């Protein structure tokens, strides 16, 4: 578990760096609540983005994109709603993104940033 958590933190940091280079600003890392965890909360202009980071070493079993089933999406939406309750003032525009990091056959990695990967209205 410890090694797995360290690996998760490493890829979350790489995802954060990737998104920062594209102009997003970090608000919070690893928001934990009773519904689960949100990997990254970032600001893209006036929009608050809840980002799920997924890494896969291979495309077996569908690769990184298949690791966001509806149940996981519901937990992220519920956690985001709880986070939004902690904010003071007007509720910002929100978006649910996924950043998929996929290892390639040659050992390199690709980053696939999916904006609006899902929305809260579908649950």
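Where a number appears in this text, it was derived from the coordinates with a stated rule and is not lab data. It should be emphasised that the depicted structure is a prediction, and the values quoted were computed from it without experimental measurement. Don't worry about glycine lacking a Cβ; one is built from the backbone with ideal geometry, like all the others, and counts go over all protein chains shown.
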Report, as a whole number in µm² per second, the diffusion coefficient that Stokes-Einstein gives for segment 2-118 at 37 °C and 0.692 mPa s using the Kirkwood radius over alpha carbon pairs. 223 µm²/s
Quick check on packing: order 15-24, 102-111 by the mean number of other C-beta atoms within 10 Å, highest mean leading. 15-24, 102-111
Would you mind ranking 91, 37, 12, 52 so that the residue whose beta carbon has the fewest other beta carbons within 10 Å leads the list? 91, 37, 12, 52
Could you state the number of Å between the C-alpha centres of segment 70-116 and segment 29-49? 7 Å
